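The structure under discussion appears below in the form of structure tokens.
What follows is calculated from the coordinates using simple rules that are stated; it is not laboratory data. Every value quoted in this text rests on a predicted model; they were computed, and no experiment measured them. Don't worry about glycine lacking a Cβ; one is built from the backbone with ideal geometry, like all the others, and counts go over all protein chains shown.
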Amino acid sequence: MDPVLSRRAFLLTSGMTAAGVGLEIALASTPAASSTTTTTTTTTTTTVQTVSSPRGATGYRRLADGPGWRRVIRTELAEAKKGRAERRTALACFVQFTDLHITDVQNPQRYEFLRAGAVSAWRPQEALTAAGAVSLIEQVNTLRYGPATRAPIGFVMTTGDNTDNNSRIELEWFLTAMTGGRFTPNTGDPSAYEGVQNSGLGLYWQPESGMHDVDKRVGFPRLDGFLEAAIREVSSPGLAVPWYSTIGNHDQLFGGAYAAAGDFFADLATGSRKLFTLPASEANAVFQALRQGPDPTGARFRAAWKRYKAKARTVTADERRAPVSPHDYIAAHLDPAYTGAGPVGHGYTRDNLDSGRLDYSFPIADGVVGISLDTTDRGGDYRGSVGSRQLAWLEQTLKTHADDIALIFSHHPSWAMTNLIPNPARPHDKRHSGQELLAVLNRHRNVVAWINGHSHRNKVVSHGGFWEVSTASHVDYPQLARVIELADNHDGTLSLFTTLVESAAPHRTDVTDLSQNGLAALYRELSFNSPGLQSGLAGLPGDRNTELLLKRR
């Protein structure tokens, strides 16, 4: 066990009561319905205190400080008993990152051209994912303690889609950001940007042009120097606490959806031909095939690319865009250069490297175990599932830790695990849906929470005896991470606190500030204004800052 984590585990389990450590949330003293809220006297900036909020009603809207989101007590699984705040002992405290989507926006494999058929297929903010991720790391480093229990933050868990294009260089950027160091989010020509945002095509925001493009028509600004700033070196302090990694579909599959189709996607990614646009009807057909599936090897995508390849433009080839295999992914995490605050491998071990399996368990604290599941189907498609071998491993792991509280981590939520395409490497290993996984988890009384992402939406659902907590992404507004705290109320119940946090960047942007911090603020504002953004990604109040009661079984 990592020595830093061991010390934190000791602190978490050494009898700290809520009253004894200066509890920041004054909980209601009477049993509460799911709409009951708490009052706050916290000094740590989270979304309980303030959330970035828009000004104005139409067009491109600027962000500024807005009112926070109240904490909601949910009692579907257990009664909120009187006096629990005074009895409470913290068991675990950590932060969830999900869907960072650190993106090489110049990769020829990307399908920005689908925007001709669906405006949401490309985001104007994507060039700033690196600066945004670093700003989130900076914010977590300032938190130090959980806002509800005041327990020290023990670790960070990423729940997948850490990268966007399953490429070696994006993985390198992600690992450098998390462990600390400098990196340059640029590929191809080292001295120039070669993507869609200086293409002269009105389909995309052309920040340094006077062109009246699609995004400027809704108020996006002209920003001279934006592209040079976007591919400038980024400096990350790295996380000050240990961190663990769970893999997502964008970390394993081409475009987050396609399995290997010969050498087509690999050659496309590392090559020198990039398709910038398609006719709207063709783009819409490919987009619908992508969303509706199954098209595991991207046959519709490949056919369209080949049909219009004569219209592709020449860009600088770059071998660093090569795809990452599961073995490569694990090996990179095990690289000592990326250990940072630890642990070595960030959950993955030599056993994972030898087997190619991306599932593992790890000690969170005395009496609390974490289990990370790989829910990406390597057979293809953006929706997830798990194999029979994984379910058997999960069952055995839960039995081994029958006396421990178990927290499950994955990329996909239960409702997005509907793809049952066999893994080409294990064609006889049956795939299982989210509903089947829920049934397995409900058979084990030690499971208290399943924590995931993928949907880019805050959603908290009760399932029998445990909670499923899905958190919004850090690429689409509202760009959040989630602090999760587990506490024993010593009355037969547990409380699972969830508190959302934004990055350290200021809510109000200065569009003339193209510093790293200024770009992180702009990243948030652009994401809010992104055409085609789904509504309601922040979720309902009961999906945001919560106290989730459940019985200690």
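Restricted to Cα positions, what overall size does segment 92-161 have along the principal axes? Three whole-Å values, descending.
49, 19, 17
Which of rounded, prolate, oblate describes segment 200-323, given a ≥ b ≥ c as roots of the alpha-carbon gyration tensor eigenvalues and a/c under 1.5 marking rounded, otherwise prolate only if a/b is larger than b/c?
Oblate, since a/c reaches 1.5 and b/c is not below a/b.
What are the equivalent ellipsoid semi-axes of segment 211-275, built from the alpha-carbon gyration tensor (square roots of five times its eigenvalues), in whole angstrom, biggest first?
Listed largest to smallest, the semi-axes of segment 211-275 are 29, 25, 14 Å.
So what is Rg over Rh here for the chain, counting just Cα atoms and using Kirkwood for Rh?
Working: Rg = 22.7 Å, Rh = 23.7 Å.
Taking Rh as the inverse mean 1/r over Cα pairs, Rg/Rh reads 0.96.
What is the fewest-to-most order of 263, 213, 104, 491 by other Cβ atoms lying within 10 Å of their Cβ?
Listing 263, 213, 104, 491 from fewest to most nearby Cβ atoms yields 263, 491, 213, 104.
Grab every C-alpha pair in segment 277-356, bin the distances at 5 angstrom width from 0 up to the longest one, and report whole percents.
Reading upward from the zero bin: 3, 12, 14, 12, 12, 11, 11, 13, 10, 3.
Taking only the C-alpha atoms, wrap a convex hull around segment 465-553 and report its volume per residue in Å³ as a whole number. Can you show the working numbers first?
Numbers: hull volume 9.2 nm³, N = 89.
About 104 Å³ per residue, rounded to a whole number.
Can you list, bin by bin at 5 Å, the percent of alpha carbon pairs in segment 394-553, starting at 0?
Calculated over all Cα pairs of segment 394-553, the distribution is 2, 8, 15, 16, 16, 13, 10, 8, 6, 3, 1, 0 percent.
Going by how many other beta carbons lie within 10 Å of each one, how would you line up 278, 143, fewest first?
143, 278
Per residue, what volume in Å³ does the convex hull of the Cα atoms of segment 268-312 enclose?
72
In deg cm²/dmol and to the nearest 500, what is the mean residue ellipticity at 222 nm of the chain if only DSSP H runs of at least 4 residues count, each as -39500 (n - 2.57), divided by the residue total?
-6500 deg cm²/dmol
Which value, in debye to the nearest 20, describes the size of the charge dipole of the chain about its Cα centre when Lys and Arg Cβ atoms bear +1, Asp and Glu Cβ atoms bear -1, and nothing else is charged?
My answer is approximately 1140 debye.
How tilted is helix 516-529 with respect to the longest principal axis of the chain? Cα atoms for both, answer in degrees (0 to 90, nearest 10).
Around 90 degrees separate the two axes.
Quick one: 157, 178, fewest Cβ neighbours within 10 Å first, how do they rank?
With the sparsest Cβ surroundings first, the list reads 157, 178.
Kirkwood hydrodynamic radius of segment 266-415 from all distinct Cα pairs, in Å?
Values: mean 1/r = 0.0535 Å⁻¹.
That comes to 18.7 Å for segment 266-415.
For a 27 Å ceiling on Cα separation, which of these pairs sit above it: 399/430; 399/551; 216/274; 216/459; 216/311; 306/430? Walk me through the numbers on the way to the answer.
Numbers: 399/430 22 Å; 399/551 19 Å; 216/274 24 Å; 216/459 33 Å; 216/311 25 Å; 306/430 34 Å.
Result: 216/459; 306/430 exceed 27 Å.
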